1. Out of all the residues in the stretch 60-76, which are among the hydrophobic types (A, V, I, L, M, F, W, C) and surrounded by fewer than 16 Cβ atoms within 10 Å (Cβ to Cβ)?
2. Among the listed residues R174, R170, identify the single one that is among the basic types (K, R), touching a residue at least 12 places away in the same chain (Cβ under 8 Å) and surrounded by fewer than 13 Cβ atoms within 10 Å (Cβ to Cβ).
3. Is it the case that Y82 is under 22 Å from the mean Cα position of the chain (by Cα) and over 22 Å from S118 (Cβ atoms)?
4. Which numbered condition in (1) surrounded by 11 or more Cβ atoms within 10 Å (Cβ to Cβ); (2) β-branched (V, I, T); (3) modelled with pLDDT of 90 or more is the only one that I152 fails?
5. Please find, within the stretch 134-149, the residue that is surrounded by the most Cβ atoms within 10 Å (Cβ to Cβ) out of those that are touching a residue at least 12 places away in the same chain (Cβ under 8 Å) and among the hydrophobic types (A, V, I, L, M, F, W, C).
6. Considering only residues of the stretch 85-119 that are closer than 23 Å to T173 by Cβ and hydroxyl-bearing (S, T, Y), which is farthest from the chain's Cα centre (by Cα)?
7. As an exercise: evaluate E112 against (1) touching a Ser or Thr at 6+ places or on another chain (Cβ under 8 Å); (2) of a type in the set (D, E); (3) free of Cβ contacts under 8 Å to residues at least 12 places away in the same chain and give the number of the one condition it does not meet.
Amino acid sequence: MQLLQLLISGISQGCILGLVALGFVLIYKATETVNFAQGELMMLGASIAWLLADAAHWPVLAACAAAIALMALGGPAVDGLYGTNSILNPYFDDESQAVRDWAAKYKEKFGEDPAVFSVYGYNIADVFCVAAAKASANLTLDSFHAAIESTIFRAPMFGGPDLRFTGKDRLGTRKVHISQIVNGKWKAITPLMDPPAE
């Protein structure tokens, strides 16, 4: 009996992973962009279904069908959605000339619009380069750790906070903006702030 349960569980989880892989391939073939937002969109759809089923007392199947329909609508359905982020998306019409110039250079070099993951990659590379340079020509794992832990990495042009890493805190910061989707774009509606204490 336990073997049958394990077999059914393994097949069902394999099917879920297969659907995720199929989603990556489908999006990549259509857009030539790797999109890691599938989990976020699944979570958003599940949250909508739960809200309708629990708070609005809809039947579960009706709530799931409505959530799928809302997610299929895409942009207009999520306009007004709130979220948090520590770094702002780089848009071509950003208020900052430096961000607009960076976005244009990114588009020219890679042939696609930059996204928030482009900014994360840029910041990670910047942190690595600054720490490696500070560790000097005698770069070892220990000198690199010491350089990272003794440096305050100044806020990038993308509206992020200063980053500070320690042996016990590898996040760099806990500060976030509260943002809202307005006309299909994330807009910060608060300055950077610390999350509430636990």
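The values are calculated or read from the model by the stated rules, or taken from the named source; none is laboratory data. This is a predicted model, so every value here is computed, not measured. So basically every Cβ, Gly included, is an ideal-geometry build from the backbone, and we count neighbours across all protein chains shown.
1. Across the stretch 60-76, the qualifying residues are V60, L61, A62, A65, I68, A69, A72, L73.
2. The match here is R174.
3. yes
4. Condition not satisfied by I152: (1).
5. Residue satisfying both the conditions and the ranking: I148.
6. S96
7. (3)
Conditions (1) in a loop (DSSP other than H, G, I, E, B); (2) of a type outside the set (D, E, K, R); (3) at pLDDT 85 or above, marked per residue:
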{"residue": "K168", "(1), (2), (3)": "yes, no, yes"}
{"residue": "R174", "(1), (2), (3)": "yes, no, yes"}
{"residue": "H177", "(1), (2), (3)": "no, yes, yes"}
{"residue": "I181", "(1), (2), (3)": "no, yes, yes"}
{"residue": "W186", "(1), (2), (3)": "no, yes, yes"}
{"residue": "P191", "(1), (2), (3)": "yes, yes, yes"}
{"residue": "P196", "(1), (2), (3)": "yes, yes, no"}
